[in-house]
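The values are calculated or read from the model by the stated rules, or taken from the named source; none is laboratory data. Predicted, not measured: the structure shown is a model, and the values here were computed from it. Here the Cβ positions follow ideal geometry from the backbone for every residue, glycine too, while neighbour counts run over all protein chains shown.
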Amino acid sequence: MTTVNERMVFLDGSRLIIEAMARSGAGAYIGYPITPVNWLFAGAKQRIPIALEAPDEITALQWAAGFSSSGVFPVTASAFPGFALMIESINMSFMMELPMVIILAQRLGPSTGSATTGGQGDLLLLRGCISGGYSLPVFCPSNLNDCWEMAAASVHTAVNLRTPVVLLTSKEMVMTNQNMDISGLKEIERAERHMHEGNGEYKTYGVNGNLAPPFLPLGNDLHQVRLNASTHDMEGITQKNSPEALGNTERLKNKIEQSVDEYTYYEHDRDEGADTVILTYGISAEAAREAVDLLRASGESVSLLVMKTLLPVPPRIYELLSAYRHVVVVEENIVGLLRELLYGNRQHDRIHGVNKIGHMIAPREIAEGVRQCRKPS
Amino acid sequence: MQETILNDLKMPYCPGCGHTVANKSMSKALADMGVHPLDVIVVSDIGCTGLVDPLLTCHTIHGLHGRAVALAMGIRMGLEHSDKKIIALQGDGGATIGLQHLLEAARHNLDLTLVVQNNMVYGMTGGQTSGLSSTEFKEPDRPESAVPGYDICALAQNAGAAYTARTFIGTDTAELWKEALSTPGFSLIEIVEMCPAYGMRKVQELHDTADYESVVTRNPRAVGLPHKAIGRSLLDGLKPIEHTCEAPLDGRLEIIVAGSAGEAIQSAGDLLSTAGITAGLSATKKGDYPITIGTGFSVAEVILSRQPIHYTGIDCPDIMIVISQDGLDKVRSRIGEHTLVIADAKLGPELEELAGPPNLVTRDFRKTGGSKGAALAAIAHWLQDNGFLPIEALVEAASRHKHGDKMKVIIDKAVAA
């Protein structure tokens, strides 16, 4: 029977993501309607102080950048078709160092694909979406509790590093209702920007040894702010390729990569003595958890590694994977995007895939994949 | 002396370029109005117009080609009631690629000023014509090109701009600038200019080439601002589901409820899930319906389990509740050997071939529950027959619903039938 502190409710991931982002300090949500982010948009209209309908996704990102540059934390959400339109403006925001979160809910592609069918086909798009190959931090919830915690981590990381961050999810995560005891949800702190203080010299991109520059909003009364999407020096003045400007651009790479340990999230369910690990993320993690139970129930040893920080690839992931003879990478696409991200295009004897499109991968299919890879060839 | 928004560096433009004059006019107008540089935000586009960015002493943001107006809208909404002057600078190329943004800014009538410096040409990339080029302006390589340009002043005015003006370089524009900058709402100034690299070198030549007129329109209307709400928690409003009774279910039960749009299939699925939670089980539910949600099938997939549920997919369900032909057509391929099908009587003949006794139960659920209550009636009937969940769990779940009283009547009728 219900215990005193329990608060069992029936809810979806969209609700948790928006609530967590609001508590983290999201001040504006700008959306353009697209399935499967409809429930995120609906929740944002109730919860986020300013919730706007943009006329297209390019505008959505430009408005988001405008809000961010004036000190308001913006969130937007889309699926691949809309995200594709946003990419140039995400590059702009990355270069200007404007914090924001873009929620990308994957659905079956290519192109418009199937709006109401889930998928995991956008990982490498994110890996390559910044010209020059720089990583955006990308977080990926693997269950309802992660919808809460990774949403908060997204906002905090965006604010701390002054960068756009992507929360990568999928139709099945944001449009499925499940029971959850919400009394156990962690408290979320509001993310506060590191502000420039005092009347001393201010250069918009002057970092003084930090990874990201302190912030001042456009329109403040004390210092001129120069935001710039073109290659620029520390003042924010456009430069072709001066050493100072190239150094600033290099810092954009470094600030994301050098701090990855601070935002590395994963779940490692280690079975002592297991020679095989199931590696997965997002919606496929839930099936993998049941596959692990199935295998262990029949006396077969297996470990599970769920990545919740996908990009940049945390070095810790390679450390963990190195302990296993077989790695079975489970993802809802037929190309093997995570496999390619981690191991390139070359075939490896110890790297295996369980892949599928059009339906979620089932636990028995993952268990079968694990058994297959361990068969002597 | 009033500080100006232009520093004393040399303008980066070709000799005779209209942009030099336009920028000086902007700076002078702001100085005449006594506006301090830190009270100005200039949003500049890609293209020659944006080259002024390093010379500005005000706040600057230099973004993408064509998006300056959209970015300026975001800044204006972010700064809300601030009286800072926001000025977006674009060329005719930027205005062409970003035309939607220009119309949107006018429609919302946000308080900002857009200056389109129309020299009829893409000056950085080889002198191509834009959507704002005059029919009289010819590219050297395509002299036949004579598609009329957009009249952006007319477009902006129609879209709701508070103020629009078109003027020509070489005329005194100070008053236009001041009026635009002091008009509440969206103001647009189009300045028809010369590009000495690809166009013409004399003002008279410009006037001969340009087939636009000088215009000023005024349209006083309320200034747009986003609505700001005090967001309500999305969790506080959720009524906790008390665990008040017990279900005999030990393992996992997968149920598909299928019908047509408008037949409350999703609510029936929610109700069944809530009943399961009331009886101490874990529950998941997902909906499946065409993208046009008002027509065609509606399917709810529900899983009830004694153990926590991770994987929420159903291949071949244990129970299938089907109340319409749309629903049957959608889910018939998922009926397995072990699936118990509970269906509306009308579907009986067709289902007998697919399922057949003892795995088929048909009743006139539409008669019991009506079209909106047939699925609930079928669920109640099934629970009464099989006892997977106590019927009071379903009644308890119904009592949480805004139409709970009607639902309880249907449950009672279904149980009694």
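The set of residues in the range A:1-27 being within 8 Å of another protein chain (Cβ to nearest Cβ), touching a Ser or Thr at 6+ places or on another chain (Cβ under 9 Å) and in contact (Cβ under 8 Å) with a residue 12 or more places away in the chain consists of A:E6, A:R7, A:M8, A:F10, A:E19, A:A22. Flag: B:V43 does not match the condition of being crowded, with 24+ Cβ neighbours inside 10 Å, in contact (Cβ under 8 Å) with a residue 40 or more places away in the chain, part of a helix (DSSP H, G or I) and at the interface with chain A (Cβ under 9 Å from one of its Cβ atoms).
Going through (1) surrounded by fewer than 19 Cβ atoms within 10 Å (Cβ to Cβ); (2) in contact with a Lys or Arg (Cβ under 7 Å, 6 or more places away or on another chain); (3) over 30 Å from B:R306 (Cβ atoms) one by one, A:E187 falls short only on (2).
Annotation: B:L30 fulfils all but one of (1) facing another protein chain (nearest Cβ under 9 Å); (2) in contact with a Ser or Thr (Cβ under 8 Å, 6 or more places away or on another chain); (3) more than 13 Å from B:A88 (Cα to Cα); the unmet one is (1). Return a yes/no flag: does the range A:225-234 have any residue that is surrounded by fewer than 20 Cβ atoms within 10 Å (Cβ to Cβ), at pLDDT 95 or above and within 12 Å of another protein chain (Cβ to nearest Cβ). Looking through the range A:225-234, at least one residue is surrounded by fewer than 20 Cβ atoms within 10 Å (Cβ to Cβ), at pLDDT 95 or above and within 12 Å of another protein chain (Cβ to nearest Cβ).
The listed residues are A:I102, A:I87, and the only one of them that is within 24 Å of A:P141 (Cβ to Cβ), more than 7 Å from chain B (Cβ to nearest Cβ) and assigned to a strand (DSSP E or B) turns out to be A:I102.
Per-residue answers, yes or no, for (1) within 14 Å of chain A (Cβ to nearest Cβ); (2) surrounded by fewer than 21 Cβ atoms within 10 Å (Cβ to Cβ); (3) touching a helix residue (DSSP H, G or I) at 6+ places or on another chain (Cβ under 9 Å); (4) assigned to a loop (DSSP other than H, G, I, E, B):
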| residue | (1), (2), (3), (4) |
| --- | --- |
| B:L188 | no, no, yes, no |
| B:G199 | no, no, yes, yes |
| B:R221 | no, yes, no, yes |
| B:L225 | yes, yes, yes, yes |
| B:L234 | yes, no, yes, yes |
| B:L238 | yes, yes, yes, yes |
| B:H243 | yes, yes, yes, yes |
| B:D250 | no, yes, no, yes |
| B:Q266 | yes, no, no, no |
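Screening B:H81, B:H101, B:H65 for residues that are under 30 Å from B:M200 (Cβ atoms), part of a loop (DSSP other than H, G, I, E, B) and either modelled with pLDDT of 95 or more or within 13 Å of chain A (Cβ to nearest Cβ) (or both) leaves exactly one candidate, B:H65.
Would you pick out the residues in the range A:239-255 that are surrounded by fewer than 19 Cβ atoms within 10 Å (Cβ to Cβ) and either touching a helix residue (DSSP H, G or I) at 6+ places or on another chain (Cβ under 6 Å) or not charged (D, E, K, R) (or both)? Break it down stepwise before answering.
If we filter the range A:239-255 for residues that are surrounded by fewer than 19 Cβ atoms within 10 Å (Cβ to Cβ), which is where we start, we get A:239-244, A:246-247, A:249-250, A:253-254.
Listed by number, the residues that qualify are A:Q239, A:N241, A:S242, A:P243, A:L246, A:G247, A:T249, A:N254.
Considering the range B:122-142, the residues that are in contact with a strand residue (DSSP E or B) (Cβ under 7 Å, 6 or more places away or on another chain) and under 20 Å from B:E213 (Cα atoms) include one that is surrounded by the fewest Cβ atoms within 10 Å (Cβ to Cβ), namely B:S130.
Taking the conditions exactly as written (surrounded by fewer than 24 Cβ atoms within 10 Å (Cβ to Cβ), under 23 Å from A:S183 (Cβ atoms) and out of contact with any Phe, Trp or Tyr (no Cβ under 8 Å at 6 or more places or on another chain)), does A:V72 satisfy them or not? Here the answer is no, as A:V72 does not meet what is asked.
Inclusion of A:F94 among residues that are free of Cβ contacts under 8 Å to residues at least 40 places away in the same chain, surrounded by fewer than 24 Cβ atoms within 10 Å (Cβ to Cβ), more than 10 Å from every other protein chain (Cβ to nearest Cβ) and part of a helix (DSSP H, G or I) is not warranted.
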